Amino acid sequence: MSFVKNMFFGGVSTSEDPTGLSNNNNDNSSPNGNDSNQGGGMNSNEEPIVAGKFFPRTLYKFNGHDDEKIFISILGKVYDCTQGRQFYGPSGPYANFAGHDASRGLAMNSFEMGCVRDWDQPMDDLSDLTQDQRDQLNDWYEFFQNKYPCIGVLVPEPGVNI
Amino acid sequence: MGFFSCIKLFATLLIGLLIANWILTSYLLDFKRDISKLALNQQSNTSSVRNENETAIYRNFLAPQGFPLTTGLGLSQGYKIRNGNFGDLWNAIMEVSSNNNNTLQFTNSNETFSLPQINGLVSNILNYQNGIFKSLGNVGIVTSISSLQGFTIMLASMVKTITSINSGIPSLLPSVPRKKIENLDVLVIDSSESLKLLNGSEHWYKLVIVCEDKDNENITPFENVVFWKQLSHNYSNICNFEYIVPEDNSDDKKEFLNVTSQSDKTTNFSQMNLISSVAAFIKNFPMNHELSKDDFLTILLPNEKLQNDSNLLIQMWPKLLAILLHGGSIALIKSKGGFEKNMGIPLKTTLLLTDKDIINQQLSYLSQTEKQSTRLCSLFHKIKSSWAKTLISEGIFTKCGTSPNQQIPRLRCIFLSDSLHSIENISSFKMYSLPKLTYGSYMDSFTTKQLNYMKSIFGARIVIELYCPNLVLGPIMQTNFYEYRVLPESVDNKLVCFGTLSTTLEGKLVETELSTLNINKKQGMLCIRGFTIGKPVEEERKEIARNLSKDFGGNEGWMPLVGVFGLWGQDGCFYIFK
């Protein structure tokens, strides 16, 4: 009856509280009780990832397939390459690197799966790379540094990678 | 009629009303709304990753993550795209004006001026005494730029930034300098009285322009003093503006304007700041409401003596140039205290840019006149006004509630400027004394209920713009053109909604040590970065700003707005604590 009532007796339609503050004194929790809901109209599943430490196991799911975000690690740094989906996403030329440490593949200019280690293997220390390969890797590192936001570091998980 | 018949009739009526309400709210209103509720609940794009102690990065929904922010006009030159500069703008404005008789009106004259007239005056100034003005350094403007003289000299100085190599830029000063300013070669003052008060300091400048219609003969013995009459002598209308177009974006970083605040802090704006701000303003108009040659922008300025660091006088430029670019007209008007029918603005006005204090005065005038009007008239208007308020709150815009004392028939949008309050902290970048959240600073900002009422009586849409005076050119945030929501009173009492970030900026909230806000609940201190932020001129301020940016954004160009505490709503809008 709200609209008809307002037309006859005066009054305005009040929208829902977008801040969640009306529920209690200083709490910006969402009306459905999920207080960490982030983003304009996003649901809790799309809550942003907190940048920081990643293990190969936790990095793996950000491969553009299991999770639509695409994170790639180079020389211990993790970059958010979601905006380069056409390259790193499923069916892209560099799809193998998504959710992995791509250092060896980029250094050797190889997209083979053999250059990328699984999450349950020890982390690659890259000690066998030649000087040329190291230079190439450093160029790629600079490229990623300039193009994509760095969102954390990749460290070995005790009991899994070390 | 029997008792049962009455009950039957009542029940039928009730059922009829319920069905009507259900049909209206479920179907008809959705079709009639300017914009769906869903769109108003998703006004920002957020980044997929956030740093610890920070929120995600927010952007206007028109500038999605992964796409560039608005950086310019996107002018094509062969296969290249350029951002553009003031020269491109003025060139296009003059070209457009040849087909439209668009005009400008200033605060110190009732006469209107055509663009060829203004361009002729600009050309006269630039070519005065074999182009002495062009070869000199910065132009310090003390006289109000809302006057014909101030405005034209400002324009000439702007043209100079593009056409002359290594030349000076306009420098807006709040008062006559008391000490010599480096590279300030020209001083523009309002009268011969002010000239007398220079008291010897006129020798600091290579040229002093007095904006008075007098000859300098028998008035001043100084050779470097010139009066407006001499500058504008024998000017002719010039319909076009030619300049050599650069081939790349090298002009982006060229200086465009210096603004000095009352506290003697100077900020420098670049060509890119201006162009980005103009583009963002144009972009903000939704489909079918775009700017056109029929637009008439009135800039309603406060009544008191305006100084050139007044926020409206600086922030009006992107809007003013955007309107002229579309062939529209401009009127710069001084408010007469708000107690006047139609606020004293021209009836042709379609867009109004003004301050919230002026509108506040006008509201009290309107409520006074409503009380004095005859009962029948008042009752009829009250019913219409009530309907308008109800419909507008549902998202159906109507002009039926327009006050009889406020009939500006073509008015379609009011831009209400509001400013950040802790501006002294922000512009001094005081990193060592980050203030706590204090309540009570934004109590005079309009609530959504007041805005609903204002939309009904003015018969226009209202866009609230949040400015960061002297530091950012153009608004940092603005509400949606179609915004119609009336928020619950509990929210209106605690927060002010300023909409989403401008398309030239992105923002995030950060946790500060002294603040009691919870970053996980998207509350914190605002940081922005983008293309409309000016840079401090003083080395010391520059260094402090750099360090502050490093502390809060890891050197990624973030500028913390010290003391601006708020939260991101689930609709993607920014809310400041009152």
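Laid out as a table, the results:
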item: Test: residue in segment B:408-416 that is more than 24 Å from B:G328 (Cβ to Cβ) and in the same structural domain as B:L379 (by TED's automatic domain parsing); result: no
item: Strands (runs of 3 or more DSSP E) enclosed by segment B:62-179 - at least 2 residues per element that are in contact (Cβ under 8 Å) with a residue 24 or more places away in the chain and within 26 Å of the chain's Cα centre (by Cα); result: B:103-105, B:112-114, B:138-141, B:170-172
item: Flag for B:T112 being among the polar types (S, T, N, Q), closer than 22 Å to B:I162 by Cα and more than 10 Å from every other protein chain (Cβ to nearest Cβ); result: no
item: One residue from B:I132, B:I141, B:I145 being surrounded by fewer than 23 Cβ atoms within 10 Å (Cβ to Cβ) and of a type in the set (V, I, T); result: B:I132
item: Leading residue by the ranking (nearest to A:F62 (Cα to Cα)) among those in segment B:12-44 that are at pLDDT 85 or above and within 7 Å of another protein chain (Cβ to nearest Cβ); result: B:S44
item: Enumeration of residues in segment B:500-511 that are in a strand (DSSP E or B), within 13 Å of another protein chain (Cβ to nearest Cβ) and either touching a Gly at 6+ places or on another chain (Cβ under 7 Å) or without any contact (Cβ under 8 Å) to a residue 40 or more places away in the chain (or both); result: B:T500, B:L501, B:E506, B:L509
item: Enumeration of residues in segment B:515-530 that are out of contact with any Leu (no Cβ under 6 Å at 6 or more places or on another chain) and more than 14 Å from chain A (Cβ to nearest Cβ); result: B:M525, B:C527
item: Test: residue in segment B:305-312 that is at pLDDT 90 or above and either crowded, with 22+ Cβ neighbours inside 10 Å or of a type outside the set (F, W, Y) (or both); result: no
item: Single unsatisfied condition, A:E47 versus (1) at pLDDT 90 or above; (2) not hydroxyl-bearing (S, T, Y); (3) not assigned by TED's automatic domain parsing to the domain that holds A:Q145; result: (1)
item: Of all residues making up segment B:512-556, the number that are assigned to a loop (DSSP other than H, G, I, E, B), touching a Phe, Trp or Tyr at 6+ places or on another chain (Cβ under 7 Å) and at pLDDT 85 or above; result: 2
item: Test: B:Y439 is in the same structural domain as B:T479 (by TED's automatic domain parsing), surrounded by fewer than 20 Cβ atoms within 10 Å (Cβ to Cβ) and of a type in the set (F, W, Y); result: yes
item: Extreme residue, farthest from A:T14 (Cα to Cα), among residues of segment B:512-538 that are free of Cβ contacts under 8 Å to residues at least 60 places away in the same chain and surrounded by fewer than 21 Cβ atoms within 10 Å (Cβ to Cβ); result: B:R529
item: Meets criteria (over 30 Å from B:E513 (Cα atoms), of a type in the set (A, V, I, L, M) and away from chain A (no Cβ under 14 Å)) for B:I118; result: yes
item: Helices (runs of 4 or more DSSP H) lying entirely in segment A:40-126 (those with 1 or more residues that are within 14 Å of another protein chain (Cβ to nearest Cβ), under 23 Å from A:D139 (Cβ atoms) and of a type in the set (A, V, I, L, M)); result: A:56-60
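The values are calculated or read from the model by the stated rules, or taken from the named source; none is laboratory data. None of the values given here were measured: they were computed from a predicted structure. So basically every Cβ, Gly included, is an ideal-geometry build from the backbone, and we count neighbours across all protein chains shown.
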